[in-house]
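As structure tokens, the structure follows; a few thoughts come after it.
Only the coordinates and a few stated rules stand behind these numbers; no lab work does. Please read these numbers as outputs of a predicted model, since none were measured by experiment. When we count neighbours, we look across all protein chains shown, and the Cβ atoms used for this are built from the backbone with ideal geometry, even at glycine.
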Amino acid sequence: MKKIMVGILLGLLWGTCLAAQSSSAMTVDAIVTRANHMALYQGMDSKGNVSMIIIDKAGNRRVREFSMLRKNSDDSDRNQKYYTLFKRPADVRKMVFMVHKHADITKDDDRWLYLPGLDLVKRIAASDKRTSFVGSDFLYEDISGRSPEDDYHELIETREKFYVVKNTPKKPESVEFAYYIAYIDKKNFIPMKMEFYKKGDRAYRQIEALQVDAINAEKSGQPVVYPTVTISVAKDLRNGSMTKMVLSNVAYNTGISDSIFSERYLRRPPRDAMR
């Protein structure tokens, strides 16, 4: 009996050691690659409704509601297309934001903004991607995502629940931050919090996932579950404003047509975006 108990204990210890080795063996590039996939590339396409509540320092609230469609170009976690149709309030109704995202850092993303009041299609310059998204505390780049190839990555800490990764821009002149720290869930690899710093280690903005839901879908006829951030908040630590973003009616692998992500649909929203 003693030999059996010793064997069981040794087995448990050996299993724990293997798990620890497996966790510590992950390179920072592998962690960032998986986190990038979970945050931006799950499923071949997705769609959902978004509500943004913008709250300024004085407590004044504004609401933005829109539908968002996303489609991967392939399964390599690189190029993507986004289509965002605004529904409320009246002053932004039928405004459209569209992105053709290029993972190659030598090629700028293509971004369009359709302003229905002026019947004007405006190209958003690469230099504008780090500016406010329709007056919120989220930036244009937060919506479509930042390429891992834009930054150097360093695993600075491994906690019980998180990998803590420091990300430093390769082209510091192109962004307003010196670096940002990402807290990546060790179980599902979803980035749960990002803290952005200026020079001198001054934190000035933060994005945090407040709720992650399991979204059921199908892939190649088989059931699959996609962990999805459904409530998140962005904070400007300098002026005290914050924006809460709530995602609802999420669906994956719906067969969104690639033709939707073209300039002709900026003025004529497709049914998938109107629902």
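Could you list, in their original order, any pairs among LYS47/LYS171; LYS122/LYS244; LYS57/LYS129; LYS57/LYS171; LYS87/LYS161; LYS87/LYS170 whose Cα atoms are separated by more than 30 Å?
With Cα atoms farther than 30 Å apart: LYS47/LYS171; LYS57/LYS171; LYS87/LYS161; LYS87/LYS170.
Between LEU237 and THR158, what is the FRET efficiency for a Förster distance of 25 Å, r being their Cβ-Cβ separation, to the nearest 0.05?
Result of the calculation: an efficiency of 0.45.
As an exercise, identify the GluC sites (Glu not before Pro) in segment 117-179 lying in DSSP coil whose Cβ has no more than 16 other Cβ atoms within 10 Å.
The qualifying sites are GLU160, GLU176.
Mean residue ellipticity at 222 nm from the helices of the chain, using -39,500 (n - 2.57) per DSSP H segment of n ≥ 4 over the full residue count, to the nearest 500 deg cm²/dmol?
One gets -5000 deg cm²/dmol as the mean residue ellipticity at 222 nm.
Could you work out the relative contact order of segment 77-183, using alpha carbon pairs under 8 angstrom and six or more residues apart, expressed as a whole percent?
15 percent
Of the listed values (1) 69, 40, 35; (2) 82, 52, 40; (3) 59, 40, 32, grab the one calculated as Cα extents along the principal axes in Å from the structure here.
Here Cα extents along the principal axes in Å agrees with entry (2).
Return one number: the angle in degrees, 0 to 90 and rounded to the nearest 10, between the long axis of the Cα atoms of helix 2-25 and the longest principal axis of the Cα atoms of the chain.
For 2-25 against the chain, the angle is about 30 degrees.
If you take the charge dipole of the chain about its Cα centre, with +1 on Lys and Arg Cβ and -1 on Asp and Glu Cβ, which of ALA103, ASN79, SER132 is farthest toward its positive end?
My answer, from the dipole projection, is SER132.
Neighbour counts of other C-beta atoms within 10 Å: give me ILE105, ILE215 arranged from fewest to most.
Going from least to most buried by this count: ILE105, ILE215.
Could you work out the relative contact order of the chain? I mean the mean sequence separation of Cα pairs under 8 Å and 6+ apart, divided by the number of residues, in percent.
19 percent
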